[in-house]
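A.B. asks: I am attaching a structure below and will ask some questions about it afterwards.
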Amino acid sequence: MTDQELVKIARQVQQNAYVPYSHFPVGAALLSARQNVYTGVNVENSSYGLTVCAERNAVFKAISEGETEFEAIAVVGNAEGFTYPCGACRQVLAEFAPQMRVILCDTDNNIKVYNLSELLPQMFLL
Ligand code: THU
């Protein structure tokens, strides 16, 4: 699975985002060590604080299916520039794969790749 392929899956699923409040759809595609892909979108709620981000939905789907090891996640939004995972999502990703690759793609198809440890330095892990 190439970075471009993972980004393409994230772009496709982004269409399913439920975003009646922010109108900011986010798509995520999480690649497990077994090479399975789990997608996620942000799902908002009229009680705004109950909103769950795309990245966390992808992680929770994958864990629910018995996956525990991850290699990479692609994240796309519609902002100008890159859509970076929020702090909460970085922490949830770190729980399972502190060294995973985080692939971001902007609307002009520019790709930026980080190691999660760069985005969440001195991360809290037990
Ligand atoms: N959002 C994500 O899905 N992932 C992020 O990493 C950043 C924020 C969502 C949450 C909310 O539905 C919308 O983007 C605006 O904050």
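Laboratory data are not the source of any read-out in this text; all were calculated from the coordinates shown. Predicted model, so just to flag it, every value in this text is computed and none were measured. Cβ atoms come from the backbone with ideal geometry, glycine included; neighbour counts cover every protein chain shown.
A.B. asks: Measuring from label point to label point, each 7 Å out along Cα→Cβ, what is the THR2 to ARG34 span in nm?
C.D. replies: Taking the simple label geometry, THR2 and ARG34 are separated by 2.7 nm.
A.B. asks: Considering only LEU93, LEU30, LEU50, give the residue with the highest GNM mean-square fluctuation for the chain, with springs between Cα atoms whenever their separation is below 10 Å.
C.D. replies: Maximum fluctuation in the GNM of the chain, among the listed residues, is at LEU50.
A.B. asks: Here's a follow-up. When N is the residue count of region 36-103, what does its C-alpha Rg come to as a fraction of 2.2 N^0.38 Å?
C.D. replies: On the way: Rg = 12.1 Å, N = 68, 2.2 N^0.38 = 10.9 Å.
Ratio of Rg to 2.2 N^0.38 Å for region 36-103: 1.11.
A.B. asks: Follow-up question, since we're still on this one. Dipole of the chain (Lys/Arg Cβ +1, Asp/Glu Cβ -1, origin at the Cα centre): which of THR51, VAL102, GLN14 lies farthest to the positive side?
C.D. replies: After comparing all options, I get THR51.
A.B. asks: Shifting gears a bit: Let me know the shape class of region 1-69, please: from the alpha-carbon gyration tensor, a ≥ b ≥ c as square roots of the eigenvalues, rounded when a/c is under 1.5, otherwise prolate if a/b is greater than b/c, or oblate.
C.D. replies: The shape class here is oblate.
A.B. asks: Shape call for the chain from the C-alpha gyration tensor, a ≥ b ≥ c root eigenvalues: rounded (a/c under 1.5), prolate (a/b greater than b/c) or oblate?
C.D. replies: Since a/c stays below 1.5, the shape of the chain is classed as rounded.
A.B. asks: Note down the net charge around ASN78, summing +1 for each Lys or Arg and -1 for each Asp or Glu among other residues with Cβ under 12 Å from its Cβ. Intermediate values should be presented prior to the final figure.
C.D. replies: Details: positive: ARG11; negative: GLU80, ASP106, ASP108.
Overall, the nearby charge balance is -2.
A.B. asks: Based on other C-beta atoms within 10 Å, arrange PHE70, PHE124 from fewest to most.
C.D. replies: Values: PHE70 24, PHE124 8.
Taking fewest neighbouring Cβ atoms as first place, the list is PHE124, PHE70.
A.B. asks: If you take the beta carbon distance between THR68 and HIS23 as r and set R0 to 25 Å, what does 1/(1 + (r/R0)^6) give as a FRET efficiency, to the nearest 0.05?
C.D. replies: 0.15
A.B. asks: Now for a different question. Go through region 101-115 residue by residue and turn each phi into a ³J(HN,Hα) via Karplus (6.51, -1.76, 1.60, θ = phi - 60°); whole Hz please, and just put x for glycine and proline.
C.D. replies: Values, residue by residue: 7, 10, 9, 10, 9, 8, 6, 8, 6, 7, 10, 10, 10, 10, 8 Hz.
A.B. asks: So who's got an amide H within less than 5 Å of the one on GLU71, skipping anything under 5 residues away but keeping other chains? H placed 1.01 Å off N, in plane.
C.D. replies: For GLU71, the qualifying residues are LEU31, SER32, ALA33.
A.B. asks: If you don't mind, there's one more thing I want to ask. Restricting the count to DSSP beta bridges whose residues both fall in region 1-114, what percent are antiparallel, rounded to a multiple of 5?
C.D. replies: Working: 16 of 22 bridges.
Close to 75 percent.
A.B. asks: Additional query: Calculate the spin-label point distance for GLN122 paired with ASN45, positioning each point 7 Å from the Cα along the beta-carbon direction, and give it in nanometres.
C.D. replies: 3.3
A.B. asks: Between ALA79 and TYR114, take the C-beta separation as r, use R0 = 22 Å, and let me know the FRET efficiency to the nearest 0.05.
C.D. replies: Step by step, r from the Cβ atoms, then E = 0.85.
A.B. asks: According to the Kirkwood expression over distinct Cα-Cα pairs, how big is the hydrodynamic radius of region 68-125, in Å?
C.D. replies: 11.6
A.B. asks: Okay, next question. Give, rounded to the nearest 20 debye, the magnitude of the charge dipole that the chain has about its Cα centre when Lys and Arg contribute +1 at Cβ and Asp and Glu contribute -1 at Cβ. Show your work: numbers first, answer last.
C.D. replies: On the way: 8 positive and 13 negative charges, 21 e Å.
Computed charge dipole of the chain: roughly 100 debye.
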